[in-house]
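Every number in this text was worked out from the coordinates using simple rules, so none of it is lab data. Worth saying up front: this structure is predicted, and the values here are computed from it rather than measured. Don't worry about glycine lacking a Cβ; one is built from the backbone with ideal geometry, like all the others, and counts go over all protein chains shown.
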Amino acid sequence: MSGRRGAPAGTGDASAAGNLRSGDPTNGCFVALDFETADHGRDSACALGLVKVSPGRPVERLYHLIRPPRPRILFTWVHGIAWAHVADQPTFAERWPEVEGFLAGADFLVAHNAPFDRGVLQACCQAAGVAPPAVPFFCSVQLSRRTWNLTSASLPTVCQFLGFSLQHHHAAADAEACAMIVLAAAKERGALGLPWQPLKPPRPTAHP
């Protein structure tokens, strides 16, 4: 999602049961992620939050500011990140080795409004000349709608429904909330299962 400001949401443990083949967290590991962008370009990530959940292991978290490829940040009003905050930060390409290491072992990725975040990941990886993770990518918006039949599946609405605190528009907080939604849905359903489908493989991006 575009932009975040504030401290990460509170953490907590939740048990879940399900089938890994349908993107369930019982026997496998998943990473929830959230990007903030500087402008309308999908390659303009300026912050990234990651939360890694593995059965039987402590939850891992990673948050970084990222220097985007262009100095004009259009969405400061959304996430509070200005050029002064990121001018001296590493680029996505420079952050990638640590991010790639954090993603290692994940059986699937998940984001709230996943088409956006996957698009940012794909664009940033392409610009950096690296291959994005070859694992299924799920959307917790879809999961929320099909689990609780909510009129709105926005992240603040789902968190309010579930009683989770949320400091919206901060990449770390939104990634944390996304992970908690996955675990809450698995606990609610007994198994996430279908029809929670992964996104279709992205179309290849044409090179100029």
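Quarter the surface of the alpha carbon convex hull of the chain and you get the mean projected area, 11.0 square nanometres.
Please check which bits of region 43-57 a label hung off R70 would reach, taking the label as a point 7 Å along Cα-to-C-beta and the cut-off as backbone N under 18 Å. Correct set: 43-47. Charges were assigned to the Cβ only: +1 to each Lys and Arg, -1 to each Asp and Glu. The resulting dipole of region 20-188 about its Cα centre is roughly 260 debye. For the pair S152/T26, report the inter-label distance in nm, with labels modelled 7 Å from Cα in the Cβ direction. The answer from the label model is 3.5 nm. Comparing P55, P25, P156 in a Gaussian network model of the chain where C-alpha atoms under 10 Å apart are linked, the largest mean-square fluctuation is found at P55. DSSP bridge analysis restricted to the chain gives an antiparallel fraction near 70%, rounded to the nearest 5.
Reported to the nearest whole Å, the Cα centre-to-centre distance from region 130-193 to region 28-52 is 14. Compared with the alpha-carbon gap, the fully stretched path from L199 to W77 is longer by 40.9 nm at 0.36 nm per residue.
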